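One structure is given below, encoded as structure tokens.
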Amino acid sequence: MAVTSFCDDPERKATEPLLRSSKLDYGGTQDEKTDPHCVAALEETPLVGSKSDPVAPESPSSRYTPRQKRLLAGLAVVSMLNGSLMAVMAPFFPAEAARRGVPQTAISGVYSCFALTQVVLYPLVGSLSLRVGVTRLYNAGMATAGVSTAAFGAFNYIRGGTPFIVACYVGRFVEATGTACVAACAFTIIGNQFGDCASSAVAMVTAAQSIGITVAPALAGGLYALAGFGLPFYVIGGAMIVAAVINAQFMPAVVKENNSSEGLFHMVRTFAGSRESCVCLLFVFNYMFIFLAFIPSAAPYADSVLGASPAMICLFLSVAAASCVVMSFVWAWIAERISNPYPMMSICLLLVAVSQLLIPPVPWLGLQPSQWLFGLGMTMEEAVFGGAYIPCFQLMLTATVRAGLPDDLRTHAFVSSVYWTAYSLGIVAGPLAGGALVDAYGFSMMMTAVAGWAVLMALVAAAQAVAKHTELRRGQ
């Protein structure tokens, strides 16, 4: 039987400040207690628009409660800023560092140390969030990333190439620490609060991040031309700090009891014992691995072979990112309405392979290299890859709970940490593998190899689709 939500009960709203001091919310720690009425409301009342709500309307905006909308709006804005932090340096930092006599290897390391730091930190964020409080860690991560980004702008006043690059490494390490806390806590909130709507929430956050990554280079380039090295970092870092302050004041409190006491080893063993969870984790890794295997080599190829100008390459990237933003919501809408999304994921991975073959294009297709094929392949890849990536987090959560872990905050934080660890490993491994293949065999052969890997992942998804279909039939 459903229980009326605390937030919707006018007779109890007057007691909300008192209850907030004693409940376990995302700003609380795991040792605090939860108001039993709130717990009952959250555990027994289905989310608006969930599969358990037979009268839920189909309109995306009406599938969330007002409280969920406020949560999602805050998550999306911060995700966009998080994406901006990743790309703000791209237009001007390499040239600025080179003018100081910094070697290219050290310049590239400023980018790679960011992902390596996150690989190390993501496994720790889940347990830390339970001790500190997920909301507190989320806002602290935002503030940390904002302060370190703003401080990065002042590094321009450091004289000498070596002190400058050392400061850059330290700044990126601190920035990566903040963004790791933001990303992992955001997905913990999504898993804990959005239920059957988790894929749509992931789509919203992913789209916002893509917008940030796309817009930041143009914005940073304009600010750099206007006032030099520091202004892009001051603006984006300051926006992150302001967002942290606003979120700390207005982000709605989230209630969910956390009674489990499973140790980390038991959680890892249970997760690893779930075939579906491991398959989805593999897809998360390959989402960044496949994409970043070719991106670092795409611009040199387009310039040397296709004669594409930097402005044209930026246009290709912008159109591709726009297709990712639009299609993310389509894939989420489909995934939340079918019981077995793996056939869709398999088809999308096959289309990713086709797009990889079109970008050069590979010789055996009989097509001549051209800018329009290059742009078509990039746009197609970004548009369809979300179909294999967007459903993964919700599927991992469901499979992990089915494997034996409780559906509580501890499990959600654990799955979020594992998810982002695989994601960041793809960021590290993709450029290394792609660069090695280009150096050894050339761009076209590298793209053929990556396409073949995508086909292999499509076969894995197809096998999981069969297994899922069999499982569903047995459950009927």
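List of remarks:
- Report note on the peptides 362-373, 186-197: ranked by the mean count of other C-beta atoms within 10 Å, highest first, their order is 186-197, 362-373.
- Computed with a 1.4 Å probe over protein heavy atoms only, the accessible area of LYS69 comes to about 90 Å².
- Förster radius 22 Å - calculated FRET efficiency between ALA218 and VAL362 (Cβ-Cβ, nearest 0.05): 0.10
- Amide H within-cut-off set for SER274, under 5 Å, with H built and near neighbours excluded: none
- Rounded if a/c under 1.5, otherwise prolate or oblate - the range 66-253, Cα gyration tensor axes: prolate
- Sequentially through the range 111-122, phi angles give Karplus couplings (6.51, -1.76, 1.60; θ = phi - 60°) of 7, 6, 5, 4, 5, 5, 4, 5, 4, 6, 7, 4 Hz, Gly and Pro residues having no value and appearing as x.
The values are calculated or read from the model by the stated rules, or taken from the named source; none is laboratory data. From a predicted model like this one, the values you see are computed outputs, not experimental measurements. Cβ: placed from backbone, ideal geometry, glycine included. Neighbour counts: every protein chain shown. Keep in mind that these areas ignore ligands, DNA and RNA; they rest on the heavy atoms of the full protein, side chains included. Shrake-Rupley method; radii C 1.70, N 1.55, O 1.52, S 1.80 Å.
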